[in-house]
Amino acid sequence: MVPSTFTRKFLILFAFVVCVFYLAYRAIFTFNDTGPYALTASIALYVAECFGIFNLFLFFLQVWDVTEPPVLPVLEGRSVDVFIPTFNEEPSLLRATLEACVRMDYPHKTFVLDDGRRPEVEALARELGVNYIARPDNRHFKAGNLNYAFERTDGEFVIVLDADHVPEPHFITRLIGYFRDDRLGYVQTPHAFYNFDSFQARLDHKNRRYWEEGHTFYYVIQPGRNYWGCPIFAGSAAMFRRTAIRDVGLMATETITEDLHTGLRMNAKGWRSMAINERLVAGQAAPDITTFHAQRMRWGTGNQSIMKYDNPLFIRGLTLPQRLCYLGSMLHWAGGIFKLIIYLTPIAMLFSGIPPVKEFTPELIGVTLIYLIVSLTTMKVVSNGYGSIINSELFSMVNFWTQIKSTFRAIFGFGSRTFNVTPKGQAAQALRKKKGVWPFIRPQTYLIILSVLALFWGWSRPALGISDDLFKPVVPSIWVLIHFWLAYKVTQRAFWPADRRVQTRHTVNVPVEYDTMAGTGAPRYGVTVDLNDTGMALVAYERFAPQDVLRLIIRGAGEVIKCKGEVRTITDLTRGQVADGFRYGIQFLNLSPLQVDALSRICLHYGVPRMYSEFDQKRGGFLGGLQKKLDRGMAQRRSEFRNPYRLPIVINSGTSE
């Protein structure tokens, strides 16, 4: 549900007034000054609340006016270079990106920038007709790799793509028209992911609902920053004007987050930036908790380290709203210590019996509830259906300790110059085996233990005669139970089994014509359930045995792939029903590189966009669902039962026999 401009601004202003009133009320009437500990606890909680509300104000500033720039006609006859920096990503992962880059529908040159200096990547580049660049050292990590390529190329515009970010064919034609504005430095597009069941996402396949941690940033905050002319460069999936990059001395090398740092410098030099919310790439999100934290540690450390070199409050050239927007981007990563205070406050109250407020009066509870309802509702509404309060709090619980560590690294310099590439594929599996899960859930586990002990002690006090106040433990107990549930969900999610497959299976339903190797009769038809370039799940209504080899013709998205596949697993789907259906796990045999490329195109340029389209239709929560029902006139669902069969349909146009 997308609110009108008036509704958005009214809610933001109303929430601002309510939050200021709440903070004033808390400061004037609620501090507990009965002793040093009580006053310290009161001040600590109040400071944490002030930090959270200040961050909320910065969020409201960034989403004050969320606008999507109109599509502009293509600029013809311009030169474009496409950079794909890589270090240790697998060639199979890199192949899909390079192949898609070559097929983009605007004249351009593609360069793979290999800091791993690998012969197999050079051979892959030669096979696909891609330019290969390898420098003699890895100085300044990704930023240095890009700068080395900038000095050896000459395209008027430059596109930067991560090794796993597969672009759509119209990537260049969709963006290049915006560069009619001579002061536009770069255009940033969203980072969309094809492994929908990643650690940083919440996927409900049955109901086609999907939430991902970066949705609010890419589809609300970034377009909102268009109003102030300062969307962030997010490291990939962006198109630059080369003269703008040269104007700031190429990519920033002082920190390990060259993206945010370089974008900040460009905006300070008077170059505008722009963001659109159309998905033009599909990449691989952090698959588990180990890779997630490795990535967030680098982001948190790097983004906060920028303040040592180019503090947005003092750097020359930014407008006041731009300064505050960039401040919000950096302070977000400093929230861990304040979250820890909020997590520990109710636990400390149950142990000590001393509340962080003077008294839990009905007036205080009422004011707090009004503040929470107004602020959370406003956050939900202005997030255009992408925000989720529960999931946001869940990932605050996931992130808080990593944010604390990254803040200390940024302040004291520990590890602030170490650039760790986010592991993908086999590298991600190796990292999980090496480090395990325990180091990343230790803080949440300690919080769970403290919560249980605090609840036990807090409710034992009246029973032991230490306290005769039965109401005092109620409020902190509710607070503790909420945090306990969040910590439990984090640990539960962290222990989910790691993906057995290195390559993601995509949810793709396309027809498959199959026959046995003996060719015993007319072709039969089935439908894929999932698909990648190594195998598929096939639903068919004929029994085969394990190790049977089938001849297959897969059709979809304009591609036709003829290949062979071996039956590896069999699942009976419809026993006792009208028809006998089976789900077969098929492993492809001896695919050629061209067949691999065609399967990748079906998955990434048909399957992934289709899934996002279905998820978008379900977005918006209760309010969005109610709006959709009103839009369709509260239409009733069908009353007749439909059998859950997957059958291909052969369509005859009538022009042939």
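Rounded to the nearest 10 degrees, the angle from helix 474-494 to the longest Cα principal axis of the chain is 20 degrees. Take every Cα pair under 8 Å whose residues are at least 6 apart in sequence, average their separation, divide by the length of region 1-145, and the relative contact order is 17 percent.
Amide H contacts for Asp530 (H built 1.01 Å from N in the peptide plane; partners 5 or more residues away or on another chain; cut-off under 5 Å): Val508, Ala537. Computed over region 106-147, the P(r) curve from all C-alpha pair distances, binned at 5 Å from the origin, holds 6, 23, 30, 20, 15, 6, 1 percent per bin.
The accessible area of Glu122, taken with all protein chains in place and a 1.4 Å probe, comes to roughly 80 Å². The alpha carbons of region 101-255 stretch over 49, 39, 35 Å along the principal axes, in descending order.
For a straight C-alpha distance cut-off of 15 angstrom, the aspartates and glutamates reachable from Lys562 (same-chain residues fewer than eight places away being disregarded) are Glu513, Asp515, Asp533, Asp597.
Between region 348-367 and region 79-151, the C-alpha centres lie 59 angstrom from each other. Could you pull out every one of the aspartates and glutamates with an alpha carbon less than 16 Å from that of Lys339, ignoring same-chain neighbours closer than 8 positions? Hits, sequence-local ones excluded: Glu49, Glu393. Set the bar at 25 Å for Cα to Cα. Now go through Lys9/Lys380; Lys206/Lys564; Lys9/Lys308; Lys142/Lys269; Lys405/Lys472; Lys9/Lys358 and name every pair that lies beyond it. Long pairs (Cα-Cα over 25 Å): Lys206/Lys564; Lys9/Lys308; Lys405/Lys472; Lys9/Lys358.
Compute the acute angle (0 to 90°) between the alpha-carbon long axis of helix 336-352 and the principal axis of greatest extent of the alpha-carbon atoms of the chain; round to the nearest 10°. Taking Cα atoms only, the helix is inclined about 50 degrees. Solvent-accessible area of Met307, all protein chains in place: 60 Å² (probe radius 1.4 Å, heavy atoms, ligands and nucleic acids excluded). Would you mind computing the Rg to Rh ratio of the chain from its alpha-carbon coordinates, Kirkwood style for Rh? Value, to two decimals: 1.00. Distance from the Cα centre of region 207-254 to that of region 524-547, in angstrom? Answer, in whole Å: 40. Once C-alpha pairs closer than 8 Å and six or more residues apart are averaged by separation and normalised to the residue number of the chain, the relative contact order reads 14 percent. Applying a DSSP loop filter and a limit of 12 other Cβ atoms within 10 Å to the GluC sites (Glu not before Pro) in region 70-106 leaves Glu76. The listed residues His605, His332, His205, once ranked by accessible area (1.4 Å probe) with the largest placed first, stand as His332, His205, His605.
The values are calculated or read from the model by the stated rules, or taken from the named source; none is laboratory data. Quick caveat: nothing in here was measured; it's all calculated off a predicted structure. Here Cβ is always computed from backbone atoms with ideal geometry, including for glycine, and neighbour counts include all displayed protein chains. The protein model used for the area step is the full one, side chains on, heavy atoms only, and it has no ligands, DNA or RNA in it. Shrake-Rupley method; radii C 1.70, N 1.55, O 1.52, S 1.80 Å.
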